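FYI, it's all coordinate maths here, none of it is from the lab. These figures come from a predicted structure and were not determined experimentally. Glycine also receives a Cβ, built like all others from the backbone with ideal geometry; neighbour counts cover every protein chain displayed.
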Amino acid sequence: MLKETGADCVFWNRRYDKAERDVDAGIKADLTARGLTVASRGGRLLTEPWDIRTGAGGYYKVFTPYWRALRAAYVPPDPLPRPASLSGPKVKSDSLSEWGLHPTRPDWAGGLAEAWVPGEQGAADRLAEFLDGPVSQYPDLRNRPDRESATSRLSPHLRFGEIGPAQVWRATRHGIDMGHLDESGAMTFLSEIAWREFSYVLLYHNPDLADENYNPAFRHMPWRSDRDAYDAWSEGRTGYPIVDAGMRQLWHTGFMHNRVRMIVASFLTKHLLLPWQMGEAWFWDTLVDADPASNPASWQWTAGSGADAAPYFRIFNPITQGRKFDASGDYVRRWCPELEDLPDKYLHAPWEADAATLKVAGVALGDTYPHPIIEHALARLRALDAYDTLKQRRSAA
Ligand SMILES: Cc1cc2nc3c(=O)[nH]c(=O)nc-3n(C[C@H](O)[C@H](O)[C@H](O)COP(=O)(O)OP(=O)(O)OC[C@H]3O[C@@H](n4cnc5c(N)ncnc54)[C@H](O)[C@@H]3O)c2cc1C
């Protein structure tokens, strides 16, 4: 490329994952040795992960004070004027279609293609649509997986740099300042953008975030090893409809609603007592927004081993979570159509229905839909026992 283009400078946006940093450092050293001008700049984040410091000079390990500090410090830069023209170098190039990147046998990407419009325009349209209405109800509806447009669905676009967080911040702030946006809804939305930033702070200062427990006490956790349980979880066959709906949505579209991500992650690490790294790896392989910072930080947060994490003993009940956040059952009915005809009352716990109700709904447990892989009350006690073991082992160590 260098020879073909005659380039004498190379610029790029910084990346923060350890493997990416190593690759980029190698390229930088190599190009510098060849006498090129090389520079990397921030672009993926609002601030660099080393910029915002606590009074003592360290990095923030708790989100709320981090958010306060970020809000106080951050002013989005003014965008540069659009260049009148961009004359790229003339290089020979393959056409993308020649690379045969689209899966064909089988074409597992059909659901992804239906759900997403990749690219800068797709990202800009999503942001505009979201700020045009849903943002005002964001604090009330953001936990409802049945309300698809209640959240921005910008995550894959942010992940691949099709839109930057500074653009999102600027447009949102502008709407607030002009009186077009309700401040509380809009600031709740920006606080989620700040969770993404916070995850990058954690990743930068803990390069092994995807492998190692942030809280080292979790090395004492007596995780189980159970391939069948893992397969049932990843394939959406646990017998808990809200979990199965989430895992199937993920497989089909590459996305899962945030509330459901928390439910399925809690289910894997607490009900099934399987290590959070297994779930992190599955999400990494299947999410369209799979992110080197947000994914491990969120998994560790849910598992209890992370920074500012949900306590391990807070175990989501998949039945009450489903009833609360998918009360009408629209989400479960969409992704688990075999349960479609069950009355709402039983939708999140089909085994509670009597035989006649199941029959009328065409549900045969163990045949058309699985029995629960583990009973909730039992799983909860087992998880709490495991946590006690962790505590005992930690004090004995
Ligand atoms: C177990 C688990 C794994 C996750 N893995 C990822 C991942 O790989 N990539 C990813 O982008 N998000 C991840 N998240 C966070 C969150 O679920 C998604 O960012 C969110 O669902 C994306 O939908 P949205 O764009 O409509 O979000 P919105 O609610 O519209 O939020 C706006 C943006 O803020 C950011 N954001 C929102 N919530 C979070 C959060 N909790 N942590 C970090 N950033 C957040 C995202 O960039 C998102 O696009 C994970 C959450 C959990 C519980």
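Full extension of the segment from D177 to V38, taken as 0.36 nm per residue of separation minus the current Cα-Cα distance, would add 46.2 nm. Here K359 is the anchor, and the aspartates and glutamates within straight C-alpha reach of less than 17 Å, apart from those fewer than 8 places off in the same chain, are E338, E340, D341, D344, D367. Summary of packing: across the peptides 386-397, 285-296, 206-217, 103-114, the per-residue average of other C-beta atoms within 10 Å ranks them, highest first, as 285-296, 206-217, 386-397, 103-114. Simple point charges give the picture: +1 on the Cβ of Lys and Arg, -1 on the Cβ of Asp and Glu, and for the chain a dipole about the Cα centre of about 1100 debye. Pairs of Cα atoms in the range 16-67 fall into 5 Å distance bins, from 0 up to the last occupied one, in shares of 4, 16, 18, 19, 15, 13, 8, 6, 2, 0 percent. Label positions at R314 and E48, each projected 7 Å from the Cα along the C-beta direction, are separated by 3.4 nm.
Charge dipole of the range 123-238 (Cα centre as origin; +1 on each Lys and Arg Cβ, -1 on each Asp and Glu Cβ, all else neutral): 120 debye, rounded to the nearest 20. In plain terms, the C-alpha convex hull of the range 1-97 casts an average shadow of 10.3 nm² when viewed from every direction. Annotation for R15 and E129: the two label points, set 7 Å from Cα along the Cα-Cβ direction, are 2.9 nm apart.
With the helix formula -39500 (n - 2.57) applied to DSSP H stretches of n ≥ 4, the chain reaches a computed 222 nm mean residue ellipticity of -14000 deg cm²/dmol.
Label-to-label distance, Q137 versus D94, with points set 7 angstrom from Cα along the beta-carbon direction: 4.7 nm.
For the chain, what relative contact order do you get, as a whole percent, if you take Cα pairs closer than 8 Å and at least 6 residues apart?
16 percent
Per-residue extension of 0.36 nm, minus the Cα-Cα distance of A115 and A217, leaves a gain of 32.7 nm for this segment.
Only one residue of G161, L190, H174 has its Cα farthest out toward the positive end of the dipole of the range 132-194, where Lys and Arg carry +1 and Asp and Glu -1 on Cβ, and that residue is G161.
At what distance in angstrom do the alpha carbon centres of the range 271-324 and the range 15-78 lie from each other? The distance from the Cα centre of the range 271-324 to that of the range 15-78 comes to 25 Å.
Would you kindly state how much longer the chain becomes between R382 and E192 on full extension, computed as 0.36 nm times their sequence separation minus their alpha carbon distance, in nm to one decimal?
Net length gain for the segment: 65.1 nm.
Note on the range 216-396: dipole from Cβ charges, positive end direction compared against A232, M262, P350; the farthest Cα belongs to M262. Taking the number of Cβ atoms within 10 Å of each Cβ as an exposure proxy, the fewest-first ranking of F313, F160 is F313, F160. Under a cut-off of 27 Å between alpha-carbon atoms, report the lysines in cross-link reach of K18, not counting same-chain residues fewer than 8 places apart. Cα-Cα hits under 27 Å: K28, K61.
Ranking I52, F283, G246 by Cα position along the charge dipole of the chain, where only Lys, Arg, Asp and Glu carry charges on their C-beta atoms, puts I52 farthest toward the positive end.
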